[in-house]
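The values are calculated or read from the model by the stated rules, or taken from the named source; none is laboratory data. In this text, all values refer to a predicted model and were calculated from it rather than measured experimentally. So basically every Cβ, Gly included, is an ideal-geometry build from the backbone, and we count neighbours across all protein chains shown.
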Amino acid sequence: MKLIYKNIEKDGCGSIGLVPEESEDMWHAYNLIAEGDAVTASTVRKVQTESSTGSSTSNRVRTTLTIRVESIDFDTQACVLRLKGRNIEENQYVKMGAYHTLDLEQNRKFILQKVLWDSVALDRVEAACDPTATADVAAVVMQEGLAHVCLITPSMTLVRSKIDVTIPRKRKGFVQQHEKGLNKFYDAVMQGILRHIDFNIVKCVILASPGFVKDQFFDYMMQQAIKTDNKLLIENKGKFLLVKASSGFKHSLKEVLQEPSVMAKISDTKAASEVKLLESFYTMLQLEPAKAFYGKKHVEKANEALALETLMISDKLFRCQDISKRKEYVALVDSARENGCDVRIFSSMHVSGEQLDQLTGIAAILRFPMPELEDSDLEGDSDVESD
Amino acid sequence: MARHRNVRNRSYSDDYDYDDVYGHSVEEDNCLSPSDTSQWMYDRSRNHQAISSFLENHNDIQEETEEEPLTEPSRPELDRRQSSDLRCLSLTEADEAKLLSCLDELRNILGDTVSENMLIQTVLSHKFDFNKALDALLSNDKNKPKQTEKIKEQSRAPPLVRIEPAKTVINVDKTPKVIATNNEPTTVGVIKGFKVEQDGSSGSRPQTPRDQSPTTEKSNQAPSKVKEKNDPNKQYSNERGSDKDHLYIVVIGHVDAGKSTLMGRLLCELGEVSQRTLHKYEQESKKIGKQSFMYAWVLDETGEERVRGITMDVGRAQFETKTKKVIILDAPGHADFIPNMITGAGQADVALLVVDATRGEFESGFELGGQTREHALLVRSLGISQLAVAVNKLDTTNWSEDRFNEIVTKLKIFLKQAGFKDSDITYVPCSGLTGENLVKPPNELELCKWYKGPCLLDVIDRCNVPVRPVSKPLRMSINDIFKSTGTGFCVAGRIENGILNKGDKVLVCPIKELAEVKGISINDLASNVAFAGDQVSVTLSGVDMQNVSVGNVLSDPVQQVPVSSRFEARLVVFNVKVPITKGYPILIHHQSLVESANIVKLKALLNKSTGEILKKKPRCLGNNSVAVVDIEVCRPICIERYKDVKELGRVMLRVAGVTIAAGLITDIYDT
Ligand SMILES: Nc1nc2c(ncn2[C@@H]2O[C@H](COP(=O)(O)OP(=O)(O)O)[C@@H](O)[C@H]2O)c(=O)[nH]1
Ligand SMILES: [Mg+2]
């Protein structure tokens, strides 16, 4: 994302101009824009003009609209962000107060006006505009008959292709159907890789599976590449990294990202560090349960006692429609930071973020044990929070 | 499989190319090496000796072969075919023995260059005179050329012993019987009409003609059964009352404990594997430097498995004991293939745990991270309570009694914790490689000194067959889907509940599409009906193969299996590295289904023994705890409350390749 300008008053009110440059930036925009904000962007409108003779012609014009956002839709697959709301600045084509849909487009400037730019939002702008964010990694987790071709960007894990086929089992007299099915499956995975992975961008392609599936697949793919003289694959052979995973389900990416050989290559990605962090939370819960808590109430109590060492919080909580709720979470983050706590905002688009979302969206490791929290039944209503 | 149906629809198999047909009829069966292929497979330009001799002697039978489906998925495997081939010749026992010994002699001289058929025919036509037969075989080549034309006509028929099932059919057609007898099991719980005790020889001979024919007979008498349909128990006892019980046994244990070898050897000792096949395995395994795996090859059939020397998917084979027909499921021991092992164990009645007695090896398989524990826990959680433990490879310890006792003591403690009753476990010292104490009492002096118990075969024979819930509504979970030769496609799996008749309409769940059962085959033999406990393949029509997937359930269309994506379960947590919290992503294994799921709610922590609630809404579940939780699956699946259908009411929870908990479904939510 490119920052064009930033104009924020002392009271936090103001506007920022941004240009999304890649699909990832749509995700950032999605996390920045909240209901009630005003967004200005250019869009293409169909305009009917009536000539003096009475015949009407319709042509497309590009015009700039400003709407008060009422609903926000993000299509994770296509990375399209669609905003709906009323027009609040009249122009020659669009009436005041008319409903309009605005699709944010890549490489087109938009201006976001907020009544209050809180610290979380400002951090997001900063992170989005950080040019050093690491390059993309592709990962294929697979098992016999199931594969997920994923793209791991700094703040998103996108399943680009899911291959789910039934492979006949090995059975007496049917070994060949099994092997044929397997080859078909490999072929589908290979097509998925060719179609969805841009080797110019991706610095490493992880192939992960239990058993020998990954090795067999890699052999198959390279054989096919040689057979069909596929330069792309042959030239990028060195980018493939084969590691173990326990299954072909998306979640096994968590194991993959913890593999030392993978860590060595992509250690600086947000995805990997978040996995590690969440894992350390679970380890603490096992070893010293009084130093690991989840759920808003418990964590807030721990924060009041200045006990927070690491706070993990999902960005999903900041997207909630209830402004006062968001305020509470922002306040928690700000106060924790003030108290010297390491605050990590997890991307709910990564596997560990997904898991954190399920775990009320908020978890913390404490500096010192607080067994009194364990016994309190505060967390009873944390079920409600997570929904 | 409906045999006649396939015949009628032969033209439908056009979508199989020639290689397919061939592959199915010959190669896949035996995993032939190229050298064998040259002899077994038909290649007009090269070797048609097998066919020509065959045609010469058997034009009449060959006609039948034409009608036989080429790629029937449920044929008996090669070894059985060979032996049943002998049966078709209706020889007396004495003649059969003579024939067998002649064959062995001839093979010693001729090696694998002459087909089995040809050998048999030649021996027969020379009245078991070994020398004459040999002469005839050696001079046989002259007959070849003139047969070419005929071969062309019949080129779709594989040059194999395929006559035999056809011949069985002929017999049956001539003498249609009315009373159903069958080679399928009854259970302890069902009253048997009468029980024919088989003499000892049936254990070592593959099926006798008596055993074999009834299955095919049944295809002629579907109508007579319709009225019985209302009383499942009656139908069951009618069908199965007089036959040996079927016992499904899963073989489990750490990788390299010798499971496949033990089973392979057992089958060999029982005569289920022909000398010829074994010889071939020996040669070929030697070739790739894996001779110690020659017996394992009986069960490890894919090239991948053989090259790597490990079982990857469940291997199946069957044999008979005095009172039972035993179907073994050889599970993979390697941690990576536990999902396959779970599928196998989910279909079994009892388990055989194999441990490696070699010093150090038992220990490493038994320690944390070894599969001995995980497998034992898994089968117990899957509802298997009877366990035979083969303390294997005792040959490496010079049949030391101390070592045996040491292992038994350690296992006893653990297995008790795992929930097995001492009285349900039998420990047998043995060696798969040397064949000691498998089918007959030990010869080994060192072992005889201290071991007086039964051999492995007897232990298996003494296992109890569980009651088959035949009168409950039909449930069959699908663990395999493959193309059949005719129209439709096949699904394989185990019937958990109820009865499945040919022609039945069944509901494929969760997609809820109605399908018609076009054919059933049990252990590779066509049948008109199958009962709870049977492992069957079912030919379906009326649904698209693309829409059916592993883990789906064939259900009674009226009393349907519940479909939901959210349920409540009572978990027993195993040894876990990190505690289970809400939101914990897991894979659930339910029968053959593996699906990603989430523990969405921890409802209560229970006292392990009393079941009373210790804490409501616990923060997390640690090692060995018992708890009630809600689980949400990423898409709807077919499940049952444990109290309704045990087999469909169990789930295994796995994370990162480790089984973390086992659960019983206590409630199913509408979703
Ligand atoms: N000495 C000895 N070796 C055995 C015995 N049984 C199996 N083995 C060897 O153990 C290895 C593993 O056998 P395999 O059957 O593949 O084990 P699985 O993984 O449990 O199926 C092979 O090399 C066998 O030859 C035995 O009784 N004695
Ligand atoms: Mg094995």
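Per-residue answers, yes or no, for (1) crowded, with 17+ Cβ neighbours inside 10 Å; (2) away from ligand 1 (no atom under 14 Å from the Cβ); (3) acidic (Asp, Glu); (4) modelled with pLDDT of 90 or more:
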residue	(1), (2), (3), (4)
B:Val391	yes, no, no, yes
B:Phe404	yes, no, no, yes
B:Phe414	no, yes, no, yes
B:Gly419	no, yes, no, no
Can you name the condition, by its number, that B:Ser285 falls short on among (1) under 25 Å from A:Lys244 (Cα atoms); (2) at pLDDT below 90; (3) of a type outside the set (Phe, Trp, Tyr); (4) within 14 Å of ligand 2 (Cβ to nearest atom)? (1)
Identify, by number, the condition in (1) in contact (Cβ under 8 Å) with a residue 60 or more places away in the chain; (2) under 30 Å from B:Glu595 (Cα atoms) that A:Ala121 doesn't meet. (2)
Restricting the stretch A:50-80 to residues that are within 27 Å of the chain's Cα centre (by Cα) and of a type in the set (Gly, Ala, Ser), the residue that is nearest to A:Ala98 (Cα to Cα): A:Ser71
Quick check on the stretch B:387-395. Is at least one of its residues within 14 Å of chain A (Cβ to nearest Cβ), closer than 25 Å to B:Ser423 by Cα and within 16 Å of ligand 2 (Cβ to nearest atom)? no
Looking at A:Lys6, A:Lys10, can you tell me which residue is among the basic types (Lys, Arg), assigned by TED's automatic domain parsing to the domain that holds A:Lys114 and more than 26 Å from the chain's Cα centre (by Cα)? A:Lys10
Inspect all residues belonging to the stretch B:333-349 and state whether any of them is more than 13 Å from ligand 1 (Cβ to nearest atom), within 13 Å of chain A (Cβ to nearest Cβ), outside any strand (DSSP E or B) and more than 20 Å from B:Val550 (Cα to Cα). no
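Looking only at residues in the stretch B:291-311 that are within 14 Å of B:Cys268 (Cβ to Cβ) and within 8 Å of ligand 2 (Cβ to nearest atom), which one is surrounded by the fewest Cβ atoms within 10 Å (Cβ to Cβ)?
Within the stretch B:291-311, the first condition is being within 14 Å of B:Cys268 (Cβ to Cβ), and the residues that meet it are B:293-299.
Then keep just the ones that are within 8 Å of ligand 2 (Cβ to nearest atom); that gives B:296, B:299.
Working: B:Ala296: 28, B:Leu299: 24.
Taking the candidates together, the pick is B:Leu299.
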Failed condition for B:Thr261, given (1) more than 16 Å from ligand 2 (Cβ to nearest atom); (2) under 28 Å from B:Asp245 (Cα atoms): (1)
Conditions (1) within 13 Å of chain A (Cβ to nearest Cβ); (2) in a loop (DSSP other than H, G, I, E, B); (3) more than 19 Å from A:Glu374 (Cα to Cα); number of the one not met by B:Glu595: (2)
Residues of the stretch A:180-223 satisfying the condition of being charged (D, E, K, R) and buried (at least 21 other Cβ atoms within 10 Å of the Cβ): A:Lys214
Give the residue, chosen from B:Val459, B:Val465, that is farther than 30 Å from A:Val165 by Cβ and part of a loop (DSSP other than H, G, I, E, B). B:Val465
Scan the stretch A:245-277 for residues that are at the interface with chain B (Cβ under 8 Å from one of its Cβ atoms), more than 19 Å from the chain's Cα centre (by Cα) and touching a residue at least 60 places away in the same chain (Cβ under 8 Å) and jot them down. A:Ser247
Of all helices (runs of 4 or more DSSP H) completely enclosed by the stretch B:247-332, which ones contain at least 1 residues that are near ligand 1 (Cβ under 8 Å from one of its atoms) and on the phi < 0 side of the Ramachandran plot? B:259-269
Filter the stretch B:625-643 down to residues that are surrounded by 17 or more Cβ atoms within 10 Å (Cβ to Cβ) and part of a loop (DSSP other than H, G, I, E, B), then give me how many there are. 5
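Any idea which of A:Val141, A:Val165, A:Val159, A:Val205 is on the phi < 0 side of the Ramachandran plot, away from chain B (no Cβ under 14 Å) and at pLDDT 85 or above? Steps first, please.
Working: A:Val141 fails: away from chain B (no Cβ under 14 Å); A:Val165 fails: away from chain B (no Cβ under 14 Å); A:Val159 fails: away from chain B (no Cβ under 14 Å).
Sole residue among the options that is on the phi < 0 side of the Ramachandran plot, away from chain B (no Cβ under 14 Å) and at pLDDT 85 or above: A:Val205.
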Please state which one of B:Gln275, B:Gln318 is at pLDDT below 90, among the polar types (S, T, N, Q), more than 16 Å from ligand 2 (Cβ to nearest atom) and within 22 Å of A:Gln176 (Cα to Cα). B:Gln318
Single condition B:His254 does not satisfy, out of (1) away from chain A (no Cβ under 12 Å); (2) surrounded by fewer than 19 Cβ atoms within 10 Å (Cβ to Cβ); (3) within 25 Å of B:Ala656 (Cα to Cα): (2)
Pick out the one residue from B:Val578, B:Val629, B:Val600 that is over 31 Å from the mean Cα position of the chain (by Cα), within 29 Å of A:Gly145 (Cβ to Cβ) and free of Cβ contacts under 8 Å to residues at least 12 places away in the same chain. B:Val578
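What residue, among those in the stretch B:354-363 that are in contact (Cβ under 8 Å) with a residue 40 or more places away in the chain and away from ligand 1 (no atom under 11 Å from the Cβ), is farthest from the other protein chains (Cβ to nearest Cβ)?
Among those that are in contact (Cβ under 8 Å) with a residue 40 or more places away in the chain and away from ligand 1 (no atom under 11 Å from the Cβ), it is B:Arg359.
Taking the stretch B:321-353 as the search range and keeping residues that are touching a residue at least 40 places away in the same chain (Cβ under 8 Å) and within 11 Å of ligand 2 (Cβ to nearest atom), which one is surrounded by the fewest Cβ atoms within 10 Å (Cβ to Cβ)? Let's see the steps before the verdict.
The first filter runs over the stretch B:321-353 and keeps only residues touching a residue at least 40 places away in the same chain (Cβ under 8 Å), leaving B:321-336, B:338-339, B:341-353.
Adding the requirement that they be within 11 Å of ligand 2 (Cβ to nearest atom) leaves B:330-334, B:341.
Details: B:Asp330: 29, B:Ala331: 32, B:Pro332: 26, B:Gly333: 26, B:His334: 19, B:Met341: 28.
My answer is B:His334.
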Looking at (1) more than 14 Å from every other protein chain (Cβ to nearest Cβ); (2) modelled with pLDDT under 90; (3) touching a strand residue (DSSP E or B) at 6+ places or on another chain (Cβ under 9 Å), find the lone condition where B:Thr610 falls short. (3)
Flag for A:Gly145 being within 30 Å of A:Glu179 (Cα to Cα) and either without any contact (Cβ under 8 Å) to a residue 12 or more places away in the chain or touching a helix residue (DSSP H, G or I) at 6+ places or on another chain (Cβ under 9 Å) (or both): yes
When only residues in the stretch B:540-563 that are of a type in the set (Val, Ile, Thr) and closer than 19 Å to B:Val594 by Cβ count, which is surrounded by the fewest Cβ atoms within 10 Å (Cβ to Cβ)? B:Val563
